[in-house]
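Chemist: Shown below is the structure under consideration.
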Amino acid sequence: MAEEITSDTIQDALNRNPHLADYILNYRKTTGRTPEFVAVPDNSLRGRTSLDIIYPVGDPIFIHAVKERNVILYKPIEPNLTPEEQDIMEKVMAIILEHAADYPPPESADVLEANIDKIYARVVSVGGANKAKGNSVTVVKGLYEKLLYNIKREVIGLGPIEPLIRDSHIEDISCIGADGVYIVHKIFGSITTTVSFGDNNRLMLFAKRISERVGRPVSDKVPIVDATLPDGSRLSVVYSMDVSARGPSFTIRKFSDVPISIVQLVQFNTLSAEEAAYVWLALEYGQSVFVCGETASGKTTVVNAIIPFIRPELKVFSAEDTPEIRAPQEAWQQLVTRERGAADSRVSLFDLLRTALRSRPNYIIVGEIRGAEGSMAFQAMQTGHPVISTFHAASVRKMIQRFTGDPINIPVTFMDNLNIAMIQQAVYVNGRFLRRTTSINEIEGYYEELGGVSTKQVFQWDPTTDQHTFRGMNNSYVLEKRIAVTSGLEDPKLIYDELFKRARIIEYLAKNNLNSYFQVFDLIKKFYQTGDIGLPVYG
């Protein structure tokens, strides 16, 4: 839809959006309160004992977040239509559909929107009353823009959930039945919305429309579909009522064009500056790193955040089912599976990894290892191609069990091809939903006398203090036996000085809010090119 306009002040917002003024007036009459206007929500809003704010997500949409009975409720504010106005809209949409035949099929959403604007301006005019006559419609002045917004919301946008799609603070949208729309908010955590589809029949139509839009239509015959929206967000739809007992359901895991940077993760305390510096050294010196954890623990976020540590001139290949990896290196080849079509035309993750190996990349990134592709990833590591991947496992022990058991079946003696396992968890700290790197572990090797794989925990998160502890000081196998040796240090212990120097760089960037993804990548690139010169290094 049209480019967003963010309101800097409440007066700007009210001047441009009469429906917002009406909403605030009605809310004040009902509750005796006036919500606080917040132009850009931030983490200072977390944990407030009382919360009653309105923030913009792009005209004409605003969000009212209010704590009621100690529960935060998420209320989108839009130019809503009355039943009579809805009837007018349906007539206008029918006329637009007729005129759409005069235009070639739109190649993009922007072209479709431009066509709608042209047709709408031709068939709808402002008059003294709302009426339809033939192929033209007259509406009162206040309805003209409101009607156009709602038409675009239905045709180009995603209907009732359009405000949630527009809100960059939302990570996850879940719908269970017509009235059960829930979100995961970056500031407020898991909360309920007032969004409704009216009834399950309308929700079924929505599920059908959104799945058709991405070329994976659901039906009673194919009731479950996983797909990717045009913006890269993950979509999962359960269509049939006999499969989803509470009504049709869907989940959208939103995709961000610009990933969260490693400096932002340090600011969030997802991991410490020392942990970031450790991974920086690891990726500079070609170590293989798996980020493990349960669903929604932030695994892919961490992977995207650490990729800039790979030297900028190296060749990087990524292989995924759903394209979520973003690599800033120029020589980045993004490979995506093809699951549909004839059996001989499908391309699996295993196929992509085999292709990547033939191209001799410096780093291979696997979106997620689930099955047979795991053995190919370990073959890649055995042949000297470091691998980064995500994997569903809540601990190092469970990771090893899953890799050495069905269906992956990696020989346990091969596990030492993997160097580092980072463990991610979604945790609650003082009632707040947070993501933390709970440990970073080194894989030393398989020892017959031990009857298993030797691992060492070099970093550990303490839930009581919410702090990350470096347990591998003067005792890190990866730093001393692999990186220090490769870098040519006469005394392996000097590698810790390098780690703490890089940690100070990251701390400086975090303290001074130099944290955007590509800004961080540019600084890391500069470090590789010139060393410490011109970079913020203290002590």
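Coordinate-derived values only; no laboratory data. Model, not experiment: these values are computed from the prediction. Neighbour counts are summed over all protein chains in view; Cβ atoms, including those assigned to glycine, are modelled from backbone coordinates with ideal geometry.
Chemist: Let me know the shape class of region 186-327, please: from the alpha-carbon gyration tensor, a ≥ b ≥ c as square roots of the eigenvalues, rounded when a/c is under 1.5, otherwise prolate if a/b is greater than b/c, or oblate.
Modeler: Prolate, since a/c reaches 1.5 and a/b exceeds b/c.
Chemist: Give me, ordered by chain and number, the residues 5 or more places off residue 335 or on other chains with an amide H under 5 Å from its own placed amide H.
Modeler: 318, 319, 320
Chemist: On to the next question. Once the Cα atoms of helix 273-284 and of the chain are each reduced to a long axis, what angle between those two axes, in degrees from 0 to 90 to the nearest 10, is obtained?
Modeler: Result, in degrees: 70.
Chemist: Okay, moving on. Identify all aspartates and glutamates with a Cα-Cα distance to residue 131 below 14 Å; exclude those on the same chain that are fewer than 8 residues away in sequence.
Modeler: 84, 85, 87, 90
Chemist: Rounded to the nearest 10 degrees, what's the angle between the helix 18-31 long axis and the longest principal axis of the chain, both from Cα atoms, 0 to 90?
Modeler: On a 0 to 90 degree scale, this one is about 90.
Chemist: Also, I was wondering about something else. For a protection proxy built on the mean count of beta-carbon atoms within 10 angstrom, sort 454-463, 160-169, 497-506 highest first, please.
Modeler: Working: 454-463: 17.3, 160-169: 21.0, 497-506: 19.3.
Packing order, densest peptide first, comes out as 160-169, 497-506, 454-463.
Chemist: Continuing with the same structure: Counting only helical runs of four or more DSSP H residues, what would the 222 nm mean residue ellipticity of the chain come to if each run contributes -39,500 (n - 2.57) and the total is spread over all its residues?
Modeler: Working: 16 runs with 178 residues, N = 539.
Value at 222 nm, helices only, nearest 500: -10000 deg cm²/dmol.
Chemist: What is the distance in Å between the Cα centroid of region 201-226 and that of region 289-311?
Modeler: Rounded to whole Å, the Cα centres lie 31 Å apart.
Chemist: Which whole number in µm²/s is D for the chain by Stokes-Einstein, with the Kirkwood Rh taken over Cα pairs at 25 °C and 0.890 mPa s? Before the final figure, lay out each step's value.
Modeler: Details: Rh = 26.1 Å.
D, rounded to a whole number, is 94 µm²/s.
Chemist: So what's the angle, to the nearest 10 degrees on a 0 to 90 scale, between helix 109-123 and the longest Cα principal axis of the chain?
Modeler: On a 0 to 90 degree scale, this one is about 10.
Chemist: Determine the distance separating the Cα centre of region 495-526 from the Cα centre of region 261-278; give it in Å without decimals.
Modeler: Region 495-526 and region 261-278 have Cα centres separated by 10 Å.
Chemist: How would you order 381-393, 89-101 from highest to lowest mean count of nearby Cβ atoms within 10 Å? Intermediate values should be presented prior to the final figure.
Modeler: Details: 381-393: 19.2, 89-101: 14.9.
In decreasing order of mean packing, 381-393, 89-101 become 381-393, 89-101.
Chemist: In addition: Any chance you could run the full-extension gain for residue 145 through residue 489? It's 0.36 nm times the residue separation minus the Cα-Cα distance, nm to one decimal. Provide the component values of the computation, followed by the final result.
Modeler: On the way: separation 344, 0.36 × 344 = 123.84 nm, distance 6.80 nm.
Extra length from residue 145 to residue 489 when fully extended: 117.0 nm.
Chemist: Quick query: amide H of residue 368 versus all other amide H atoms, modeled in the peptide plane; which residues come in under 5 Å with a sequence gap of 5 or more or a different chain?
Modeler: For residue 368, whose amide H was placed from the backbone, the distant partners under 5 Å are 321, 390.
Chemist: Show which aspartates and glutamates lie in cross-link reach of residue 493 when reach means a straight Cα distance below 19 angstrom and same-chain residues fewer than eight apart are skipped.
Modeler: 274, 275, 284, 442, 444, 480
Chemist: I'd like to know which of 310, 25, 474 lies farthest towards the positive end of the charge dipole of the chain, counting +1 on Cβ of Lys and Arg and -1 on Cβ of Asp and Glu.
Modeler: Going by the Cα projections, it comes out as 25.
Chemist: Kindly give Rg over Rh for region 1-85, based on alpha-carbon atoms, with the Kirkwood expression for the hydrodynamic radius. Please report the intermediate quantities before stating the final value.
Modeler: Numbers: Rg = 13.3 Å, Rh = 13.7 Å.
With Rg and the Kirkwood Rh in hand, the quotient comes to 0.97.
Chemist: Return the distance in nm (one decimal) between the two label points of a simple spin-label model at residue 111 and residue 454, each offset 7 Å from Cα along Cα→Cβ.
Modeler: 6.3 nm
Chemist: What ³J(HN,Hα) values, in whole Hz, does the Karplus curve 6.51 cos²θ - 1.76 cosθ + 1.60 give for region 414-427 when θ = phi - 60°, with x put for Gly and Pro?
Modeler: For region 414-427, the Karplus curve yields 8, 5, 6, 5, 7, 9, 9, 10, 9, 10, 9, 9, 8, 10 Hz.
Chemist: Hey, which lysines would be in cross-link range of residue 299, C-alpha to C-alpha under 29 Å, not counting anything within fewer than 8 residues on its own chain?
Modeler: Partners within reach: 186, 254, 315, 398, 456, 481, 501, 511, 525, 526.
Chemist: Now a separate question. Treating each Cα of region 259-319 as an identical point scatterer and ignoring solvent, apply the Debye formula and state log10 I(q)/I(0) at q = 0.24, 0.30 Å⁻¹.
Modeler: For the requested q values the scattering log ratios are -1.13, -1.48.
Chemist: Taking a ≥ b ≥ c as the square roots of the Cα gyration tensor eigenvalues, with a/c under 1.5 meaning rounded and otherwise prolate when a/b beats b/c, else oblate, which class fits region 24-69?
Modeler: Values: a/c = 2.44, a/b = 1.09, b/c = 2.24.
The shape class here is oblate.
Chemist: Under 19 Å between alpha carbons: how many lysine pairs meet that in region 1-126, if sequence neighbours fewer than 8 apart on the same chain are excluded?
Modeler: Pairs that pass both the separation and distance tests number 4.
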